[in-house]
Every structure is written in structure tokens, then in C-alpha cells.
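This report concerns only the one structure given below.
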Amino acid sequence: MKDSGRKNSGYPLAGNSWYMEDTRSVNLLLETDEAAEWIDKGWNFYDPACGWGTIPRALADDGRIGRERIFGTDLVDRREWSWPGMAWTLDFLTATDGDMLNLGIDPQRTVLITNPPFDKAIGTCRFIEKGLELGFRHMAIFTDNDLLFSQWRVSLWRKWPLSKICFLSERPSCPPGEGLMSGTITRGGGSKDFIWVLFSVGVAPQSTVMWLGDEKKVRI
């Protein structure tokens with residue numbers, strides 16, 4: 001998959017578009033009513049672009065979700081950094097129903113939650129389309145808010161089962177994963193705006209917007 005080209009981040013371009021989200025951004029999603037409902041109803045969670053396992057780890061550390069309900073795969077084998085259960089290697093964009101069955105994942109009872117390779121929004125769109133194709137009823141996508149703004153994506157927004165857009169009030173730092181894990185890069189201040197986009201299949205369309213994070217005094 002091509003690189004995302006996030007030159008405005010100040011970080012070097014990352015191989016396989018692996019930019020690592022921070023735990024705080026995941027925890028903010030887990031504070032939403034949607035996440036509380038998924039957890040209370042016993043839904044499983046699957047990250048198909050788990051990298052080091054930031055999202056699966058945050059889910060497990062939350063304390064409300066047993067590890068047996070958390071799954072993760074990645075295009076690249078990152079077992080040296082992942083935790084047990086995250087060692088699966090899978091190209092999600094070519095995954096089949098049989099692959100999901102082999103992993104023990106039932107899309108009808110599993111929330112797809114991921115930070116997919118952005119690739120100028122093309123990668124994110126492909127992950128959303130693939131998730132819907134495989135039958136995932138609920139999806140939470142962490143992405144650059146540039147995803148929202150483009151004429152060529154208008155038709156996609158009109159057909160996707162969008163339920164909520166969650167803007168992060170603080171810009172998270174999402175450095176290249178390889179550099180962060182090797183110690184050659186450290187997290188700095190975020191310079192890009194990110195969002196969680198939630199999708200719910202079979203639910204009456206009710207797209208809403210909310211802001212996640214702390215308030216700060218407005219500077220005018």
C-alpha cells in the first residue's frame with residue numbers, strides 16, 4: 001500500500017503508512033455512549049491494522065472487555081512488539097469470510113475498530129468498504145479529518161451508514177510506528193486534526209457530531 005504522504009505532520013514518511021495512534025485517543029472513544037453499549041452488550045472488537053497493538057491494548061486495559069473478546073491482525077508480522085493474540089498476519093483488503101471464520105471473528109457480533117493506512121484517504125476508504133463487504137455492523141475508524149473533505153468522496157458518504165463523527169479537541173501525535181518503537185522518534189505535539197468516524201449498519205440514519213477531550217479557554 002502506498003504511503004499516506006502526511007508531510008504536514010513533521011515526521012518522515014512511514015513505510016506501509018504505519019502511523020501510531022495514541023492511547024488517549026482510544027480511551028476518549030471508549031467514553032462515548034456507543035462504546036458503552038457495545039461493551040455492555042458483549043460485542044467483540046477487531047483491529048485489522050493493529051500495528052504494535054495500541055488499540056487492542058487500550059481495549060484490554062479499559063477493564064470492561066476480556067482479552068478473549070479482542071482480536072487484531074496486521075499486514076506486517078510485528079510479533080516482536082505485539083501481545084498474545086495480536087500475532088496474526090493478514091492483508092485485510094483481500095480477506096475473505098473464511099479468513100474471519102478462521103480467526104474466530106463473527107462480523108455480526110464484532111465491532112471493527114482501527115486506524116487504517118490513510119494513503120491520501122484512499123486507504124481509509126478501502127478499509128471502510130471492505131469492512132462493510134465482510135458484514136461488520138459497527139465500525140469505528142480513527143483517521144485524519146481530511147477524509148471528510150473531497151468531492152470524489154461525496155457519493156461514498158451518501159451510501160455509507162454513518163452514525164457519528166467524533167472530533168478530537170486536542171491534536172494527537174501519531175508518529176511513524178517503526179521509528180517510535182525503535183526509539184529513533186519520540187512523540188511530539190500533534191499538528192494534524194483527527195476524528196473517529198462511527199458506522200452502524202441497520203440503524204436508522206442519525207448522523208451526529210461530537211467533540212472528545214478537554215475544553216480550553218477560547219482565544220479570540
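Throughout, read-outs are computed from the coordinates displayed, never taken from laboratory work. Predicted, not measured: the structure shown is a model, and the values here were computed from it. Neighbour counts run over all protein chains shown; Cβ positions are idealised from the backbone, glycine included.
Report, by chain and number, residues whose modeled amide H sits under 5 Å from the one on D47, excluding near sequence neighbours (fewer than 5 apart, same chain).
F71, G72, T73, I113
Which of the chymotrypsin sites (Phe, Trp or Tyr not before Pro) across the range 122-172 are loop residues per DSSP, with 13 or fewer other Cβ within 10 Å?
Details: sites: F127, F136, F142, F149, W152, W157, F167; in loops: F136, F149.
Passing sites in the range 122-172 are F149.
Provide the gained length on full extension for the span M210 to D61, in nm with one decimal, where the gain is 0.36 nm per separating residue minus the Cα-Cα distance. Could the numbers behind the result be given before it?
Values: separation 149, 0.36 × 149 = 53.64 nm, distance 2.43 nm.
Contour length minus the Cα-Cα distance gives 51.2 nm.
In nm, give the distance between the simple-model label positions of W157 and V201, each being 7 Å from the Cα along the Cα-to-Cβ direction.
2.3 nm
What list of ³J(HN,Hα) values in whole Hz, one per residue of the range 122-134 in order, does the Karplus curve 6.51 cos²θ - 1.76 cosθ + 1.60 (θ = phi - 60°) give from phi, with Gly and Pro shown as x?
In residue order, the calculated couplings are 5, x, 4, 4, 5, 5, 4, 4, 5, x, 5, 4, 7 Hz.
Excluding L59 itself, calculate the net charge of residues whose Cβ lies under 11 Å from the Cβ of L59, where each Lys or Arg counts +1 and each Asp or Glu counts -1. Display every interim value, and only then the final one.
Details: positive: R57, R64, R67, R69; negative: D47, D61, D62.
Once positives and negatives cancel, what remains is +1.
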